[in-house]
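The values are calculated or read from the model by the stated rules, or taken from the named source; none is laboratory data. In this text, all values refer to a predicted model and were calculated from it rather than measured experimentally. Here Cβ is always computed from backbone atoms with ideal geometry, including for glycine, and neighbour counts include all displayed protein chains.
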Amino acid sequence: MEPVRESFWNMPQPWTQILLYVGLAVALGFFGYGLYRRISLWRQGQPDLRCDRFGRRLWNLLVYALGQVKVANEVFPGLMHLTLFFGFLLLFVGTVLIFFNDDVVGPLFRLHYMRGSFYLGTEAVLDLMGLVFLLGVVLAIVRRYLLRPARLENRPDDLLVLLLLLFLGVGGYLLEGLRLAVQQPPWGSSSFVGYALASLISALGATGPGALVAHRVLWWVHAVMALGFIALIPYTRLFHLVTNPLNAFFAPLETQAALPMIPNLEEAEVLGAAELAHLPRKRLLDYESCTRCGRCQDVCPAFLAGQPLSPRQVILDLDAFMLQRGRVPLVGARGRKFEREDLELAGGVVAEESLWSCTTCMACMERCPVLIDHIGTIVELRRYLSLCSGQIPGSLRAALDRTQRAGNPYGQRGGRMQWAEGLGVPLMADVGEAEVLLWVGCAGAYDPRNQKVVRTVAQLLQRAGVTFAALGDEEQCCGDWARRAGEEYLFQTLAQTNVQTLKSYRFRTIVTACPHGYNTLKNEYPQFGGTFSVEHHSTYLLRLVEAGRLQPQEAWTKGPTVYHDPCYLARYNGVVAEPRQLLERVPGLVPVEAVHRGRRALCCGGGGGKMWMEEEPDKRVNQVRLREFEAAEASAVAVACPYCLSMLDDAVKVKGLEEKVCVYDLSEILAASLPSA
Ligand code: SF4
Ligand code: SF4
């Protein structure tokens, strides 16, 4: 006797099938209506959802939505979500296979593929996946209601969804167990979980007519729940099953290290976003994709320092506002309630203090499993504050004004080569061409501590025999922080001037000790026609050492040394290994690591314009980072960024640790290890 799947066993026909189809149509109707309402919300945004480079987008969907690669990077939540997701996915595939067998190819073509070994194999796999799925549900319940990690917030629909999933899983096994207990087919053991339940039911002697009634009742309850599940998707947190694949598919394929340019700035009607309709559709899809996992909040330096910013809350508040304004029917509450619906996004829906607390460190985006672009939203809202409403912190406004007047946030006119006094560093204007153009940066030009760093870099280049020159007073602020503060006008003016200047000289590569300048010149100046070879001094110096042009010999005597990864180098540009390799070349240097390092390093607090803003003394990001270095028992901190140097130096001084911890630029450590010339 060939094993075969019997459709609608114990269910009266044709009524069961007819009612099931009607129920499915109703459920799909609810689903379709909910989906339509949500899509209508996104359509109010600026059209930007693109399908170009379809293969790459499909790949992103497979890797991030189906493969869940970013979900898996935390052990317990990763295991919970992966078991839940893959168990559900394979059960769904199995259900579709059965549906096609019973309701499509079977009746239409008399083709029943659910038979023989294929049928038995499918049953075994589905039973296994049912267990995986239930494990995920149980882990989710344990985590959410017993372990209760601080970052998880519970809403009523969370419980509803978990109970629904639990019932669907357990109910499916019970149905199978009852059927096998009554039918007792010789191949029953391939459905090993259902078979075990059937054995139990048989042992209890519950295989009489009562079992048939119980099966029939349970079948209907299970069917109603399954159809209810489909219908509820757009009205509960289950909607992320739809939005997450879409968000992965429409994710930008270009580097996210560059902020998008506002084209035709003079003619743009709105600068930044005052309301939802001013935002690109992809941003609105971002808000709908948030699973409230809290990973972004866990790594946000501003949040950790006690400042009024949670990247998760920014996203959730914008979503709640959009849903409230769109009158989207929901099961259970969807976050914050707004008294007024005519609020501006910046300053109304999201508090100004939250927006100005962001250092644009990108830690949130690095960790977000569903590819949400927090910085894109924050900068869009900052642009509105800076360019339209003028609500901008006083100290930041002053720095912007100084830059407008003098071309740098220090407000100094000229004198950009003071740092090089006595070194004989040539100007590009005099030599016209050089192997290396040394991009000094504003901190290197005017901040006394950072002047020493650029001086050291120049001396190292001279020692290695590199022909280089600087722009001197022709160099303007690169504009990185102004752009991230939302001042796109000023940024574009600076960028255009610098690109024009750089294009007028011949050089092989630009070398800079500033990761912000590095990122802007490398990733953002191409938007203005300036595509140059740009290198950070850490990688350039490493190559000089590897080529034997610089030979570290003297032992490092400052004790265990921790390397602090600058956000704009490690996260924005993936430069993580080279600075460490450079330090490894220094004899006697004992490297230690902070708990957060590499692409997961914690910010120093100086990016995104924060360098020019006041911070409350007890809420400083640099102090949070310094505590990590203390925990690593480091007595020296190696940095590779002028902001990091200033912020961490400051943190050490404020805490009175000058005797215990010293902060150096990588170049200074390398220079100290060279034999006297
Ligand atoms: S970019 Fe950094 S500071 Fe800004 S919200 Fe994200 S994690 Fe927080
Ligand atoms: S924004 Fe991303 S990381 Fe943050 S809570 Fe939402 S899904 Fe999680």
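In this structure, Leu381 qualifies as in a helix (DSSP H, G or I), in contact (Cβ under 8 Å) with a residue 60 or more places away in the chain and surrounded by 21 or more Cβ atoms within 10 Å (Cβ to Cβ).
From Glu658, Glu614, Glu578, which residue is surrounded by 17 or more Cβ atoms within 10 Å (Cβ to Cβ) and at negative phi? Please lay out each step first, then the result.
On the way: Glu658 fails: surrounded by 17 or more Cβ atoms within 10 Å (Cβ to Cβ); Glu614 fails: surrounded by 17 or more Cβ atoms within 10 Å (Cβ to Cβ).
Within the list Glu658, Glu614, Glu578, the selection yields Glu578.
For Glu352, indicate whether it is free of Cβ contacts under 8 Å to residues at least 40 places away in the same chain, over 30 Å from Leu232 (Cα atoms) and more than 14 Å from ligand 2 (Cβ to nearest atom). Working first, answer last.
Values: free of Cβ contacts under 8 Å to residues at least 40 places away in the same chain: yes; over 30 Å from Leu232 (Cα atoms): yes; more than 14 Å from ligand 2 (Cβ to nearest atom): yes.
Yes: the conditions hold for Glu352.
Specify which of the listed residues (Gly34, Gly29) is part of a helix (DSSP H, G or I) and either surrounded by 14 or more Cβ atoms within 10 Å (Cβ to Cβ) or among the aliphatic types (A, V, I, L, M) (or both). Break it down into steps so the answer makes sense when it comes.
Working: Gly29 fails: either surrounded by 14 or more Cβ atoms within 10 Å (Cβ to Cβ) or among the aliphatic types (A, V, I, L, M) (or both).
Matching residue, one of Gly34, Gly29: Gly34.
Only one residue in Leu89, Leu165 is buried (at least 17 other Cβ atoms within 10 Å of the Cβ) and assigned to a helix (DSSP H, G or I), so which one is that?
Numbers: Leu89 fails: buried (at least 17 other Cβ atoms within 10 Å of the Cβ).
Leu165 is the lone residue from the list that is buried (at least 17 other Cβ atoms within 10 Å of the Cβ) and assigned to a helix (DSSP H, G or I).
Consider segment 310-361 and keep the residues that are surrounded by fewer than 23 Cβ atoms within 10 Å (Cβ to Cβ) and at positive phi. The one that is farthest from ligand 1 (Cβ to nearest atom) is Arg327. Under the condition of being buried (at least 18 other Cβ atoms within 10 Å of the Cβ) and under 26 Å from Leu343 (Cα atoms), the residues counted in segment 248-261 number 1.
Scanning segment 194-215 for residues that are outside any helix (DSSP H, G or I), buried (at least 17 other Cβ atoms within 10 Å of the Cβ), in contact with an Asp or Glu (Cβ under 6 Å, 6 or more places away or on another chain) and assigned by TED's automatic domain parsing to the domain that holds Phe99 turns up nothing.
May I ask you to verify whether Leu423 is more than 16 Å from ligand 1 (Cβ to nearest atom) and farther than 28 Å from Pro301 by Cα?
Details: more than 16 Å from ligand 1 (Cβ to nearest atom): yes; farther than 28 Å from Pro301 by Cα: yes.
Yes: the conditions hold for Leu423.
How many residues are in a helix (DSSP H, G or I) and surrounded by fewer than 16 Cβ atoms within 10 Å (Cβ to Cβ) if we restrict to segment 426-451?
If we filter segment 426-451 for residues that are in a helix (DSSP H, G or I), which is where we start, we get 428-431, 442-446, 448-451.
Then drop every residue that is not surrounded by fewer than 16 Cβ atoms within 10 Å (Cβ to Cβ), which leaves 429-431, 448-449.
So the count comes out to 5.
Reported count of residues in segment 45-84, each being surrounded by 14 or more Cβ atoms within 10 Å (Cβ to Cβ), among the basic types (Lys, Arg) and at pLDDT 95 or above, is 1.
Selection within segment 251-277: residues that are within 21 Å of Glu488 (Cα to Cα) and touching a Leu at 6+ places or on another chain (Cβ under 8 Å). The member of this set that is farthest from ligand 2 (Cβ to nearest atom) is Leu265.
When segment 143-162 is examined, which residues are found to be in a loop (DSSP other than H, G, I, E, B), of a type in the set (A, V, I, L, M) and either exposed (fewer than 14 other Cβ atoms within 10 Å of the Cβ) or touching a strand residue (DSSP E or B) at 6+ places or on another chain (Cβ under 7 Å) (or both)?
Our first condition is that a residue be in a loop (DSSP other than H, G, I, E, B); within segment 143-162, this holds for 148-155.
Checking the rest, the ones that are also of a type in the set (A, V, I, L, M) come to 150, 152.
Ala150 - this is the single residue of segment 143-162 that is in a loop (DSSP other than H, G, I, E, B), of a type in the set (A, V, I, L, M) and either exposed (fewer than 14 other Cβ atoms within 10 Å of the Cβ) or touching a strand residue (DSSP E or B) at 6+ places or on another chain (Cβ under 7 Å) (or both).
Can Gln391 be described as part of a loop (DSSP other than H, G, I, E, B), polar (S, T, N, Q), more than 27 Å from Leu569 (Cα to Cα) and modelled with pLDDT under 95? Criteria met by Gln391.
For segment 117-130, check the following and say yes or no: at least one residue is in the same structural domain as Pro185 (by TED's automatic domain parsing) and touching a strand residue (DSSP E or B) at 6+ places or on another chain (Cβ under 9 Å). If you could, list the steps in order and put the result at the bottom.
First, pick out the residues of segment 117-130 that are in the same structural domain as Pro185 (by TED's automatic domain parsing): 117-130.
Okay, now just the ones that are also touching a strand residue (DSSP E or B) at 6+ places or on another chain (Cβ under 9 Å), so 119.
Checking segment 117-130: at least one residue is in the same structural domain as Pro185 (by TED's automatic domain parsing) and touching a strand residue (DSSP E or B) at 6+ places or on another chain (Cβ under 9 Å).
Here Thr360 fits the description: touching a Gly at 6+ places or on another chain (Cβ under 8 Å), polar (S, T, N, Q) and within 16 Å of ligand 2 (Cβ to nearest atom). Scanning segment 563-574 for residues that are surrounded by 22 or more Cβ atoms within 10 Å (Cβ to Cβ) and away from ligand 2 (no atom under 16 Å from the Cβ) yields Tyr563, His564, Asp565, Pro566, Cys567, Tyr568, Leu569, Ala570, Tyr572.
Counting residues in segment 414-425 that are within 16 Å of ligand 2 (Cβ to nearest atom) and not in a helix (DSSP H, G or I) gives zero.
Of the set (1) more than 24 Å from Ile230 (Cβ to Cβ); (2) in contact (Cβ under 8 Å) with a residue 60 or more places away in the chain; (3) surrounded by 13 or more Cβ atoms within 10 Å (Cβ to Cβ), all apply to Ala140 but (1).
Please find, within segment 37-72, the residue that is nearest to the chain's Cα centre (by Cα) out of those that are assigned to a loop (DSSP other than H, G, I, E, B) and over 12 Å from Phe249 (Cβ atoms). Reasoning before the result, please.
Within segment 37-72, the subset assigned to a loop (DSSP other than H, G, I, E, B) is 44-45, 47-53, 67-70.
Going one step further and asking which of them are over 12 Å from Phe249 (Cβ atoms), we end up with 44-45, 47-48, 67-70.
On the way: Gln44: 24, Gly45: 22, Pro47: 22, Asp48: 20, Gly67: 16, Gln68: 13, Val69: 12, Lys70: 9 Å.
Per the criteria, the residue is Lys70.
Only one of Leu355, Leu309, Leu345, Leu276 is in contact with a strand residue (DSSP E or B) (Cβ under 7 Å, 6 or more places away or on another chain) and closer than 21 Å to Leu385 by Cβ. Can you tell me which?
Details: Leu309 fails: in contact with a strand residue (DSSP E or B) (Cβ under 7 Å, 6 or more places away or on another chain); Leu345 fails: in contact with a strand residue (DSSP E or B) (Cβ under 7 Å, 6 or more places away or on another chain); Leu276 fails: in contact with a strand residue (DSSP E or B) (Cβ under 7 Å, 6 or more places away or on another chain).
Being in contact with a strand residue (DSSP E or B) (Cβ under 7 Å, 6 or more places away or on another chain) and closer than 21 Å to Leu385 by Cβ holds for just one of Leu355, Leu309, Leu345, Leu276, which is Leu355.
As a summary of the residue check, Leu544 satisfies the conditions (1) surrounded by fewer than 18 Cβ atoms within 10 Å (Cβ to Cβ); (2) in contact with a Leu (Cβ under 7 Å, 6 or more places away or on another chain) except for the one numbered (1).
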